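See below for the structure under consideration.
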Amino acid sequence: MYSRVTAMLRYFNGAVPFRVVPAFITTAVLLLLLWWPCPPGLDPKAWSLVAIFLTTIVAIILKVMPIGVMALMAIVIVALSQVTSHTSKGAIADALSSFSSPLIWLIVVAILISRGLKKTGLGSRIGLVFIAMLGKRTIGIGYGLAVCELVLAPFTPSNTARGGGIVHPIMKSIANSFDSDPAKGTEGKVGTYLALVNYHANPITSAMFLTATAPNPLVVDFVAKASHQSFHLSWTTWALCMLLPGLVCLLVMPLVIYLLSPPQLKATPDAVRYARGELDRMGQLSPKEKVMLGTFGLLLVLWANLPAMLLGPAWTLDPTVVAFLGLFVLIITGTLDWDDVLSEKSAWDTLIWFGALVMLAEQLNKLGVIGWAALSMKDAIVASGMGWLPTAAVLLLAFVFSHYLFASTTAHISAMLFAFMSVGAQLLPAGYLVPFLLMLTAGSAIMMTLTHYATGTSPIIFGSGYVTLGEWWRVGFVMCVLELVIFAVIGGAWWKLLGYW
C-alpha cells in the first residue's frame, strides 16, 4: 500500500508542471492567513490582500513555478477575489494597473537597450578595456564597477537607468569575456560576484547624492516637515553628510561580497594580456558600435538632465521617455531590429513578475495596510515605555525591513517615511532628531539591497540569471545590516564632527 501511494505521488510529481511539496506549503500558507482573524483596525478585504501578497512571496521563494507564473497567479487571484474592488471589471483593472507604470517600462526598455551592447560587440570591447585596466584579480574589476557607479551617481537621477541601463551591460560584457554565462551554467566563474557588486553599489550611491535616485527630493521635503523646517537637506548638505559613510560602504562592499559569494576565478594573471590582444584583434570601432556608443552618450546626457540644467525646466525629460528614445534610435538605425526586441525574453518576463509585485504593493497602500502598520507601531512603542535609543532603532529597522512589502522605493517612501519621521520627532529628544532623520534618509536607499524586486535596478540584474533567488536575499540581508551599522557608527561620528548633534 505504501509503495503504491509513493509511486502515485512520484507519478503526480512528474506529471504536473509545478513542484508538489512547495505548492502544498504555499496553499497551506494562504488558507492559514485567510482563516486567521482580521487584526483590529484593518478591513477584511485588506487582510485578504495581505494574505495574497505573503502567499505570492512564499511561492516565489519556494520556486513552486517560474517567478512569472507566480506573478500571474497573484494577478488572477486579485481579479477573482475582488479584494480591491466591488466589481470584476474594477478588480481586473486594479490587477493590471501597474503595467502602465513608467518605472516598469523603463526597466523593460533598459533591458532591450542592453541587448544592443552585446549585438554590436561594443559591450565586449568595454569589458575588455576594464579587464585590461583592472583584470589581474576579479575583486579589482568589482571595485572598478563600484567606481563607475560613484562617478555616474551625481548626474543620473534614475538609479534604474544608472545601475541597470549603464553599468549592468558593462558588467555582463566583462563576465562574458571570462566565459561566465548563466546559459552555459558558468555564471559562478565571475558573473555572480560581479552582478552582486553591480547591484549593491547602486543603493549605496543612491544614498550619497540627492540627485542619484528619483524619490530623494521627496525625502528632502519630509525631513524639512518632520523637523518643522529647522533642518534642510540641500544638495551640498546631503552629499557632505553621506560622503564618509557612503565611501566606507563602497570600500567595504566588494570585499564583503567577495567573502559571501566568492568567484571561482579569483586571480586572472593572463587576463590583462588576453584583453589587450582581443582589443587589438577587434581593431577600430565599427559603424554600429559608434551608433551604440553615441546612443549610450545621448542616454547618459538626458538621464543626467543636462538640457534642463542648461536651458531650463521645460527641457526636463522623464527617464522612461529617454529610454524609449534610445531604443527607437537603435531600431531606426538598424543597430537592433524588431526580432531582437521580440526575442528578449528576460525583458518580457520582468514586465510580468515585477508589474504584479508593484501592483500588490500599491494596493496594500491603497487599502490602508501600510498606514495601519505604522500607527500600530507607534502605539506599541508608546505602550512599551522604551527609551529614546531603542525607539530610534526600532523605527529605523521597521521602516527599512518593511521594504520586503514593497516593489518600489518611491511607493515605500511616499507611503511610510513621513509617518516614521513624525513618530520619531514626537518620541525622541530634540538634540538627537537630526541624526535620526539622516539615518532614515540613508535607510530609504539602503533598503534597496533586500530583495530582487526592491527597486527598478534589481529585476534587471536579477533577470540576467547570474544570481539565484536565495543568494540574492542572503547577501542582500547581510549587506543591509552591515551598511546600516556603518552609517550608524561612522556616519553618527561624522555627523557629530559636522555639528549636527
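General observations
- Heavy-atom accessible area order for Met133, Met65, largest first, 1.4 Å probe: Met133, Met65
- Within the range 261-388: Cβ-based charge dipole about Cα centre, in debye rounded to nearest 20 (Lys, Arg +1; Asp, Glu -1): 360
- Exposure rank, largest accessible area first [Val481, Val322; 1.4 Å]: Val481, Val322
- The modelled label-to-label distance for the pair Ala23/Asp340, using points 7 Å beyond Cα in the direction of Cβ, is 4.0 nm.
- Solvent-accessible area per residue for the range 313-357 (1.4 angstrom probe, square angstrom): 51
- Pair-distance profile P(r), taking every C-alpha pair of the chain, with 20 angstrom steps and integer %: 22, 54, 23, 2, 0
- FRET efficiency, Leu497 to Ala380 (Cβ-Cβ, R0 30 Å, nearest 0.05): 0.30
- Solvent accessible area, Å² - Ser3, 1.4 Å probe, full protein context: 80
- Entries in Lys119/Lys172; Lys225/Lys366; Lys189/Lys266; Lys63/Lys184; Lys136/Lys266 that, when Cα-Cα distance is taken, lie over 19 Å: Lys225/Lys366; Lys63/Lys184
- Whole-number percent relative contact order across the chain, with pairs defined as alpha carbons under 8 Å at least 6 apart: 21
- Charge dipole of the chain about the Cα centre (unit charges at C-beta), most positive-ward option of Leu279, Ile461, Leu417: Leu279
- Per-residue SASA entry for Cys38, accessible area with 1.4 Å probe, Å² rounded to 10: 50
- Computed accessible area, Phe401, all protein chains, 1.4 angstrom probe, square angstrom: 50
- For a paramagnetic label modelled on Met282 (point 7 Å from Cα along Cα→Cβ), amide N atoms under 11 Å away belong, within the range 128-161, to 128-132.
- Rounded, prolate or oblate (a/c below 1.5 giving rounded, otherwise prolate when a/b exceeds b/c) for the range 210-360 by Cα gyration tensor: oblate
- Chymotrypsin sites (Phe, Trp or Tyr not before Pro) restricted to DSSP loop in the range 300-382 with at most 12 other C-beta within 10 Å: none
- Solvent-accessible surface ranking, highest first, for Leu395, Leu497 at 1.4 angstrom: Leu497, Leu395
- Carbon and sulfur %, accessible surface of the chain computed with the full protein complex present, 1.4 Å: 71
- Around the Cα centre of the range 92-224, unit charges on the Cβ atoms of Lys, Arg, Asp and Glu (plus for the first two, minus for the last two) sum to a dipole of about 580 debye.
- Between Val147 and Lys266, the modelled labels are 2.3 nm apart [label points 7 Å from Cα along Cα→Cβ].
- A simple charge model with +1 on the Cβ of Lys and Arg, -1 on the Cβ of Asp and Glu and nothing else charged puts the dipole of the range 320-432 at about 600 debye relative to its Cα centre.
- Length released on extending from Ile61 to Gln229, taking residue separation times 0.36 nm less the Cα-Cα span: 56.2 nm
The values are calculated or read from the model by the stated rules, or taken from the named source; none is laboratory data. Keep in mind the model is a prediction, meaning the values are calculated, not measured. So basically every Cβ, Gly included, is an ideal-geometry build from the backbone, and we count neighbours across all protein chains shown. Accessible surface areas use protein heavy atoms only, side chains included; no ligands, DNA or RNA. Shrake-Rupley method; radii C 1.70, N 1.55, O 1.52, S 1.80 Å.
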